[in-house]
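Asker: My questions will all concern the structure given below.
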Amino acid sequence: MKKPVCAVIGIGPGNGAAIARRFSDASYQVALLSRSTEFTRPLAEELGNARAIDCDVTEASSIEQAFADVREHLGEVNVLVYNAGGAARWATVDDLSPADFDASWRVNALGALLATQQVIPAMKKRRAGSIVFIGATASRRGGARTAAFAPAKAAQRSLAESMAKHLWPAGIHVALIIIDGVVDLPATRKVMADKDSDFFVKPAAVAEIAYQLAIQDPSAWSFEVEARPFGEVW
């Protein structure tokens, strides 16, 4: 029997890698889609049941080629986790360039649309599948310096909600994880050296949420799940 396929878009040392490992541990074949394979190729070798694929989510042709590769070598996607976010440009409206605004929207919203359109037809045919977006609290509120990031994440959240209302009746579980906190990474630990371990969002914990969403019973599906450290002010 062929193993199910999980495609993770946006793979770095934090949530992306942790999500890939969790689905790999659950005997999924894992497609690692990222702009560069410098990080993902060693990860694919480590996992053993994974494939590293170049994918620029801002370009429709790149997404099409990436998913053609997934279908050819692994099969149709059963679970899609959209973790692409790009390096956020923290700026106020005074300092923000149109190019930065457009880039944030393309990665967080347009790329999400293009990627999901690649997997929906097969999921509809099977009347089964899961699409999980990794979002942020910026999708709910704009900050002074999130003039690019917040609108892009808000667009992603609205897209996910529209998709959920349209696709749930077709058997496709669309869900969103709202990350409210600082992800535990070597870079964030270095910048916030004064913070203890409990301050950070653990990638493995986020990955577990994504996996549980993918296997939820259809009689009790969740759409939006928040993930925040217990000490976070909210």
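The values are calculated or read from the model by the stated rules, or taken from the named source; none is laboratory data. Worth saying up front: this structure is predicted, and the values here are computed from it rather than measured. Virtual Cβ from ideal backbone geometry, glycine too; neighbours counted across all protein chains shown. Side chains are part of the model used for accessible areas, which takes the heavy atoms of the whole protein and leaves out ligands, DNA and RNA. Shrake-Rupley method; radii C 1.70, N 1.55, O 1.52, S 1.80 Å.
Asker: I'm trying to understand the selection: among the residues of the stretch 43-96, which are closer than 30 Å to residue 143 by Cα and more than 18 Å from the chain's Cα centre (by Cα)?
Answerer: Correct list: 89, 90, 91, 92, 93, 94, 95, 96.
Asker: Just the residues that are among the β-branched types (Val, Ile, Thr) and under 14 Å from the mean Cα position of the chain (by Cα), please, taken from the stretch 200-234.
Answerer: 206, 209, 225
Asker: When you look at residue 54, is it under 30 Å from residue 150 (Cα atoms) and among the acidic types (Asp, Glu), yes or no?
Answerer: Yes; evaluated as a whole, the condition is true for this residue.
Asker: Moving on. Just the residues that are closer than 15 Å to residue 224 by Cα, exposed (fewer than 13 other Cβ atoms within 10 Å of the Cβ) and of a type outside the set (Lys, Arg), please, taken from the stretch 161-200.
Answerer: 162
Asker: If you don't mind, there's one more thing I want to ask. Restricted to the stretch 215-234, and to residues that are β-branched (Val, Ile, Thr) and open to solvent by 60 Å² or more (accessible area, probe 1.4 Å), which residue is modelled with the lowest pLDDT?
Answerer: Start the filter on the stretch 215-234 by keeping residues that are β-branched (Val, Ile, Thr), which leaves 215, 225, 233.
If we keep only those that are open to solvent by 60 Å² or more (accessible area, probe 1.4 Å) as well, we get 215, 233.
Working: 215: 98, 233: 86.
Of everything passing the filter in the stretch 215-234, 233 is modelled with the lowest pLDDT.
Asker: Taking the stated definitions as given, is residue 20 farther than 26 Å from residue 189 by Cβ and not acidic (Asp, Glu)?
Answerer: It is false that residue 20 is farther than 26 Å from residue 189 by Cβ and not acidic (Asp, Glu).
Asker: Cβ-Cβ below 8 Å, separation at least six or inter-chain, first residue in the stretch 221-234 and in contact (Cβ under 8 Å) with a residue 24 or more places away in the chain, second open to solvent by 40 Å² or more (accessible area, probe 1.4 Å) and of a type in the set (A, V, I, L, M): which pairs?
Answerer: 225/209; 227/205; 227/209
Asker: Only residues that are over 25 Å from residue 90 (Cα atoms), open to solvent by 10 Å² or more (accessible area, probe 1.4 Å) and either of a type in the set (Val, Ile, Thr) or in contact with a Phe, Trp or Tyr (Cβ under 7 Å, 6 or more places away or on another chain) (or both): list them for the stretch 109-160, please.
Answerer: Residues satisfying the conditions are 118, 120.
Asker: Out of all the residues in the stretch 170-186, is one or more modelled with pLDDT under 95, touching a helix residue (DSSP H, G or I) at 6+ places or on another chain (Cβ under 7 Å) and assigned to a loop (DSSP other than H, G, I, E, B)?
Answerer: yes
Asker: When you look at residue 212, is it in a loop (DSSP other than H, G, I, E, B) and surrounded by 10 or more Cβ atoms within 10 Å (Cβ to Cβ), yes or no? Lay out the reasoning, then the answer.
Answerer: Numbers: in a loop (DSSP other than H, G, I, E, B): no; surrounded by 10 or more Cβ atoms within 10 Å (Cβ to Cβ): yes.
Considered against the rule, which asks whether it is in a loop (DSSP other than H, G, I, E, B) and surrounded by 10 or more Cβ atoms within 10 Å (Cβ to Cβ), residue 212 comes out as no.
Asker: Between a residue in the stretch 183-212 that is touching a residue at least 40 places away in the same chain (Cβ under 8 Å) and of a type in the set (Gly, Ala, Ser) and any residue that is in a strand (DSSP E or B) and open to solvent by less than 80 Å² (accessible area, probe 1.4 Å), which pairs come within a Cβ distance under 7 Å, given they are 6 or more apart or on different chains?
Answerer: From residues that are touching a residue at least 40 places away in the same chain (Cβ under 8 Å) and of a type in the set (Gly, Ala, Ser), the pairs are 210/81; 210/132; 210/177.
Asker: Then there is this: Does residue 120 satisfy the condition of being assigned to a strand (DSSP E or B) and either in contact with a helix residue (DSSP H, G or I) (Cβ under 9 Å, 6 or more places away or on another chain) or touching a residue at least 12 places away in the same chain (Cβ under 8 Å) (or both)? Spell out the reasoning first.
Answerer: Numbers: assigned to a strand (DSSP E or B): no; either in contact with a helix residue (DSSP H, G or I) (Cβ under 9 Å, 6 or more places away or on another chain) or touching a residue at least 12 places away in the same chain (Cβ under 8 Å) (or both): yes.
Against the criterion (assigned to a strand (DSSP E or B) and either in contact with a helix residue (DSSP H, G or I) (Cβ under 9 Å, 6 or more places away or on another chain) or touching a residue at least 12 places away in the same chain (Cβ under 8 Å) (or both)), residue 120 does not qualify.
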